[in-house]
Each structure stands twice: as structure tokens, then as C-alpha cells.
Amino acid sequence: MIKTENIIKAQARNYLRQGNWSTLVGCLAVLFICFFLVYYVFGTLIFGFNLVNIHTGEIKKSGQLLGGIFFMIALLLLILITPIINGFFKLCYSVAKNQDCSSIDLFYYFKNPILYFKVILLNILRFFIILLSTFVFSIPASVIFVLSDNLSGSSSALFQSISVILMIISAVLQIIGLFAVFCLYTKTVFCNYILADDDSKNAGWYIKESFKLSKGHNIDIIKLILSFILWILACFFVFPVFYVIPYMGVSLGNSAKWLIQLKKEASDLKC
């Protein structure tokens, strides 16, 4: 029996082979260059104003204030250019829908001020949802780890045994927490594709809609993402990134396309 994720990926490869690989790879390169330029400007300012101790690699005490200001400027610039990421996934969605794929769409969300700031807000909301959930799920493991660390210094054999047990419990909780955060991520993974399908809603709506769209399909989404695990590991060698991200982006876009279509058909039947 052919697995669903294999069908989704096979369709994605077929769409990409229709002259879309080069467009997505080129756009991905532009995306990386944009973020690298922000990093380069930040580094140039830090070293240009002689704020770094060349022996330790740390910011000098006398330059911490100015360094902090430069860091906040760089962070603001990174936030302001994040819609280019959404533009890339809009391109992936266009490929998945077998539509014309224009590299100009990489900057699609910059064309309208309201749309631009809405997309930035969406990105910030997604980031904080993942960040806060990471903190929440890591707190129990961290508390147990600290308790285990305190007991490990005891001369009592009983306390040392308890310390080892607590260390194992902490590790298990950490793994469970990471999996829970990953599952939460899979529930928001369709935000960019829903946005590409309809950009007229408010920022919070896309997150809610992504949760609704993934409902009942969580296992399939997780299996699809995990099927890329070896490709993701290959990205350690850098260059596979230019194959993996477009491939994965179009595959997820293809999955979103079918789920959005099913939801629309279900809504039409109700009407």
C-alpha cells in the first residue's frame, strides 16, 4: 500500500520538475543573502566601533550599551524582513497548485503596508507560541534536573541513587517536552499556505485556521515531516539545504492544498 506522505512527495517532485526548481533555489539564495547582510552589517558595526575584545571574543564592558543598541537594531531589521520567508512559502504553494511561479512573489507581502505589518505580526505570534510552549514544557525537566544536581553532591548513597533516577526522569521529560513542542509546531505549519490562499484575514485567524486544518490529520503531518529527517540531517553539509527546503516546502504546500480544498468542499456541501 502506498503511503500518503509518499504520494504527497511524489506530486511535489513532479511539480518542481516543471521548471520550478531553479526559481525556488534562486529565491532561497536571495532569502539567505538578505539575512546574511543583516548579520554582516551587525558584525561590521561591532568591529568597526571596536566593541569586541579580540582576545576573548566578548563585548567590552565599555561597549556593552552601544553593542546592545546595535543588537536591537539588527533584531528589528531581522523582524522587518521576515515577510520574505512568507513570500518564499507563497511560491512553494503556487508550485504545489501548479500555478505560475514568479520570483517577484518572494517580496509579495512588501507591496502593501497593512498586509506587510499583518504578516510580521503573524510571524511574531507564531514565534512566541513556540517559544512559550518550549519554556512551559521545559520547566518540569529543569526543576528536576536542578534537584538531581543538588543531590548528586551528597555523600549519601541513597541520595546519589535518587539523583540518578531524577536525572533519568528529567531526560525523559525533556524528550516528551520537545516532542510536544514539535507537535504544536505541526499544528501551525500551514499558516503560510493558508495566508497564500487568502491574505484578507487578521493575523490570529491564520494560526486558528492552521489548528483547525490540521485537526484529524496530525499523524499524517508528523509522518510527512519526519519522512524528511535524513534530508534534514544532510543539511549539515549546507548545500543540500537548496534541495531540501524547496522540496519540503512544496510537499507541505501540496498537503495544505488538499486539506484546504477538502474544507472548502465540505463548507459548500453544508451550504
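The values are calculated or read from the model by the stated rules, or taken from the named source; none is laboratory data. Keep in mind that this is a model prediction, so the values were computed, not measured. Because the Cβ atoms are built from the backbone with ideal geometry, glycine has one as well, and the counts that use them run over all protein chains shown. The protein model used for the area step is the full one, side chains on, heavy atoms only, and it has no ligands, DNA or RNA in it. Shrake-Rupley method; radii C 1.70, N 1.55, O 1.52, S 1.80 Å.
What the table shows:
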quantity	calculated
Criterion violated by SER94 - all others in (1) more than 27 Å from ASN14 (Cβ to Cβ); (2) crowded, with 19+ Cβ neighbours inside 10 Å satisfied	(1)
Residue pairs meeting the criteria (Cβ under 7 Å; at least 6 apart or on separate chains; first among the acidic types (Asp, Glu), in the stretch 36-57; second surrounded by 13 or more Cβ atoms within 10 Å (Cβ to Cβ))	none
All positions within the stretch 181-198 that are part of a helix (DSSP H, G or I), within 15 Å of the chain's Cα centre (by Cα) and not polar (S, T, N, Q)	VAL181, PHE182, CYS183, LEU184, TYR185, LYS187, CYS191, TYR193
Residues (without any contact (Cβ under 8 Å) to a residue 12 or more places away in the chain and closer than 16 Å to PRO240 by Cα) located in the stretch 1-35	SER22, PHE32
Test result for ILE104, modelled with pLDDT of 90 or more and open to solvent by 60 Å² or more (accessible area, probe 1.4 Å)	yes
Single match in PHE211, PHE239 (criterion: of a type outside the set (Lys, Arg), surrounded by fewer than 19 Cβ atoms within 10 Å (Cβ to Cβ) and not in a helix (DSSP H, G or I))	PHE239
Residue among ALA234, ALA256 that alone is open to solvent by 10 Å² or more (accessible area, probe 1.4 Å) and either touching a strand residue (DSSP E or B) at 6+ places or on another chain (Cβ under 9 Å) or assigned to a helix (DSSP H, G or I) (or both)	ALA234
